[in-house]
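Student: Right, I'll just put the structure down here and ask away after.
The values are calculated or read from the model by the stated rules, or taken from the named source; none is laboratory data. Predicted model only: the values in this text are computed from it and were never measured. Note that each Cβ is placed from the backbone with ideal geometry, even for glycine, and that neighbours are counted across all protein chains shown.
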Amino acid sequence: MRVRKLGVWLLLIVMLISSTMNVYAEEANQSYLYGPNNFVKAPVAAEPGRNIDHTTMGTTSLKKPSDLYATNEYLYIVDTGNNRILKLDEDYKLVKEYTEYEVKGVKTAFASPEGVYVDEQDQLFVADTNNNRIVKLSPQGDVIALFEKPQSKMLPTDFNYLPTKVVCDEAGRIFVCVKGFNMGLIELDRQGEFVQLLGASKVTYSITDAIWRLFSTKEQQKRMAAFVPAEYNNISVDADGFVYATTGTMSQNNKEGMKFVRKLNARGDDVLRRMDYDSVCGDLEFSNTGSIKGASQIVDCLTLSDGVYAILDQKRGRVFVYDSSGVMLFIFGELGQTEGTMTSPSSLVYFNNHFLVLDGVKNKIVSFNLTDYGRTILEACHYREKNELVQEEAAWQKVYAMNNNHPVIMREMGKIAYHERDMELAMYYFEQGEDQEGYSKAFQFYRRELINQYFTPVALSIIGLLILYMIYGMYKKYWCKKEKVVKKQGPFAYAFYVIFRPLDGFWDLKHEKRGSVKVAAGLMVALGGVFIIQSLCTSFIFNKVRIEDYNFMFDLLKAYAPLILWTGSTWCVSTLMDGEGSYKDIIMATGYSLTPMLIILPCVTLCSNFLIFDEGVLCTFFISVAYLWVGILLIASVMQTHNYSLKKTILVSLISLLVIVIILFILLLCIALMQEILAFVVDLKTEIVNRL
């Protein structure tokens, strides 16, 4: 009976998880955008057009095609499974087929080629993967040059040269992406001689990895030491000669060391601009359970004009388009078996005013036509790069009429209002677009206008109040003489004495009963309120919390979790180390120690609304003072509450912090274990459903 009940409960849990995942998938397939805090719905930017297969081209069936390249007049397809390169015209009709090349009278067939690049003279650079070389061909298919395996001491001796992608810049430099090679891109000169390794990434470990390493066995530590950087899987070059390289899926063991897309300069430095909330990685929100889980798998990067570029996610069949600042402009595409969907997209180009996506499983090309919404966004980006403000404003106004939720639109409208000196309107748009820097610039001018307008009446009012206060003081001094009555400070007012004279104050709290547990508890409760006020009332320049997305439970957790951990760990440690204070004494001392934060944080919150971005260091300074002050008071409270020496106080405090770290580690371990169990249950359910 119990087993049956347990099975029913497990089935209900799995059904609940499955229903949640289905809702997520339905939302994910809609047209959407990512803002700083969440994703928002957006109009469709590109619609599926015609499907282009071998019948349209006038050739035999494709087999595992892997790459596309487009010039102004021709489209090139790397048909890997058939060992050939196809050249199509603007009507997608076959113009020429490259299957082999001849060197000194000996013909060699392509062996699973995976990449092609075409220069301005229509000369082809083919990554002949299994022949271990780059082949440079004329438009007629004659061999111009063969670039064999490069020789250099920088390359491993057992280096297996399997070139998959190749591009060239205007200077004639050749960049090669090699399968199974994680030391970066290989740069060659015009003659195919080795120059350098470009953009090699470094392996970095997260804090979690470092903690796991402390508790790992020697065998586990060896496996962690074997973590290597991810290899590049595709490359492209823009009009300015910058190389864009993609890395596929980010390793869970190396989240900080790799990026999905890099923009490499001549030194190999990544100069790609990214928004603080958008790391140019495809989907920012995704499920970690189900048949399609985890982060995006980026397989191609397409550079367009005006600094715009697009990346292709093979895992979910989506194209993400970004501007030169790394802001996501729009998203289109999805997986499926119907017309206009993809199964395994492998390459992306823009040809004949259409986005073309190559499907390596369906063996055809899916075209996407820009809608008015998508086309107008690209026009606005063009006018912005050309600094044509009038046309840009008109374009953004048109986009705004179609979608007033787009963060990019809000920022661009703010810039236009800023140039027109309408600072109040600019501040509104910048706030809606989550542009703190732009808001700060507009607020600086707006603040100056307010000061110029109200300085004289405000200054005169302050002077008048000071004069009245002085007159009132003189009146009390000379006409209202009374005997001074010394009042003993109550438990609440005594908090101000404690924070300035902590040693005497904490001693009196316990031994002279000057404090109150109720007051201490009230101060602790007030801390949660202060954190909530700080989140809601801090200036937008220093805070991006939206009221509609705000959850006060996070602030309460941030306020009370450290207090619970500190009081609990201190009580445990002091009990074992002959401390004289009870848990009640610890609660009272800890509550009174929070007074500096209760005074300083609200003041900083208020002042933040009068400061600009560059003056934020003042807020940081006073917040740091508040935390440091509270830390000193907590140490003093341990010393006086338990009657410890300074040396023993420091020891007890350090041990208490260590206990907190251990508790947090155990909690994280339990959470990770629960996630693994949840993922196992979902995968088990998926497997059962698939088998049925």
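Student: Restricting attention to segment 332-363, and to residues there that are touching a helix residue (DSSP H, G or I) at 6+ places or on another chain (Cβ under 9 Å) and part of a loop (DSSP other than H, G, I, E, B), which single residue is farthest from L33 (Cα to Cα)?
Tutor: Once the filter is applied, the top-ranked residue is N363.
Student: Could you check, for segment 125-141, whether at least one of its residues is of a type in the set (D, E, K, R), closer than 21 Å to G105 by Cα and more than 37 Å from the chain's Cα centre (by Cα)?
Tutor: yes
Student: Name the residue, out of I547, I541, I533, that is in contact with a helix residue (DSSP H, G or I) (Cβ under 9 Å, 6 or more places away or on another chain), among the aliphatic types (A, V, I, L, M), at pLDDT below 85 and within 30 Å of A426 (Cα to Cα).
Tutor: I547
Student: Quick check on M410: is it among the hydrophobic types (A, V, I, L, M, F, W, C), within 23 Å of Y446 (Cβ to Cβ) and either assigned by TED's automatic domain parsing to the domain that holds Y446 or surrounded by 19 or more Cβ atoms within 10 Å (Cβ to Cβ) (or both)?
Tutor: Taking the combined requirement at face value, the residue satisfies it.
Student: If a residue must be buried (at least 16 other Cβ atoms within 10 Å of the Cβ) and closer than 23 Å to L654 by Cα, how many such residues does segment 551-587 contain?
Tutor: Of the residues in segment 551-587, 16 are buried (at least 16 other Cβ atoms within 10 Å of the Cβ) and closer than 23 Å to L654 by Cα.
Student: Take A442 and decide whether it is assigned to a helix (DSSP H, G or I) and at pLDDT 90 or above.
Tutor: For A442, the condition - assigned to a helix (DSSP H, G or I) and at pLDDT 90 or above - is met.
Student: I would also like to ask the following. Give T590, T620 a once-over and let me know the one that is crowded, with 17+ Cβ neighbours inside 10 Å and part of a helix (DSSP H, G or I). Give the steps one after another, and end with the answer.
Tutor: Working: T620 fails: crowded, with 17+ Cβ neighbours inside 10 Å.
Among T590, T620, only T590 is crowded, with 17+ Cβ neighbours inside 10 Å and part of a helix (DSSP H, G or I).
Student: From (1) within 28 Å of G241 (Cβ to Cβ); (2) modelled with pLDDT under 95, pick out the condition that doesn't hold for V106.
Tutor: Against the list (1) within 28 Å of G241 (Cβ to Cβ); (2) modelled with pLDDT under 95, V106 comes up short only on (1).
Student: Still on this model: Going through Y101, Y161, Y117 one at a time, which residue ends up being in contact with a Cys (Cβ under 7 Å, 6 or more places away or on another chain) and either touching a residue at least 60 places away in the same chain (Cβ under 8 Å) or crowded, with 16+ Cβ neighbours inside 10 Å (or both)?
Tutor: The unique qualifying residue is Y117.
Student: Looking at (1) at pLDDT 85 or above; (2) under 26 Å from D372 (Cβ atoms), which one does N405 not meet, given that it meets all the others?
Tutor: (1)
Student: Please go through segment 333-358 and give me each residue that is crowded, with 22+ Cβ neighbours inside 10 Å and either of a type outside the set (S, T, N, Q) or touching an Asp or Glu at 6+ places or on another chain (Cβ under 6 Å) (or both), ordered by number.
Tutor: G333, M342, P345, S347, L348, V349, F355, L356, V357, L358
Student: Which of the residues spanning segment 363-399 are crowded, with 18+ Cβ neighbours inside 10 Å and either of a type in the set (G, A, S) or without any contact (Cβ under 8 Å) to a residue 24 or more places away in the chain (or both)?
Tutor: S367, G374, E379, A380, Y383, E393, A395, W396
Student: On to the next question. Going by the conditions given, is K398 of a type in the set (K, R), more than 30 Å from T80 (Cβ to Cβ) and modelled with pLDDT of 90 or more?
Tutor: Working: of a type in the set (K, R): yes; more than 30 Å from T80 (Cβ to Cβ): yes; modelled with pLDDT of 90 or more: yes.
Criteria met by K398.
Student: Which of the residues spanning segment 225-252 are surrounded by 17 or more Cβ atoms within 10 Å (Cβ to Cβ), at pLDDT below 90 and over 16 Å from F181 (Cβ atoms)?
Tutor: If the condition is that a residue be surrounded by 17 or more Cβ atoms within 10 Å (Cβ to Cβ), at pLDDT below 90 and over 16 Å from F181 (Cβ atoms), then T249, M250 are the ones that fit.
Student: Would you kindly identify the helices (runs of 4 or more DSSP H) lying entirely within segment 452-553 that contain at least 2 residues that are free of Cβ contacts under 8 Å to residues at least 24 places away in the same chain and not acidic (D, E)?
Tutor: 494-500, 517-537
Student: Only one of Y69, Y101 is of a type in the set (S, T, Y), modelled with pLDDT under 95 and either in a strand (DSSP E or B) or not assigned by TED's automatic domain parsing to the domain that holds L302 (or both); which?
Tutor: Only one candidate passes the filter, namely Y101.
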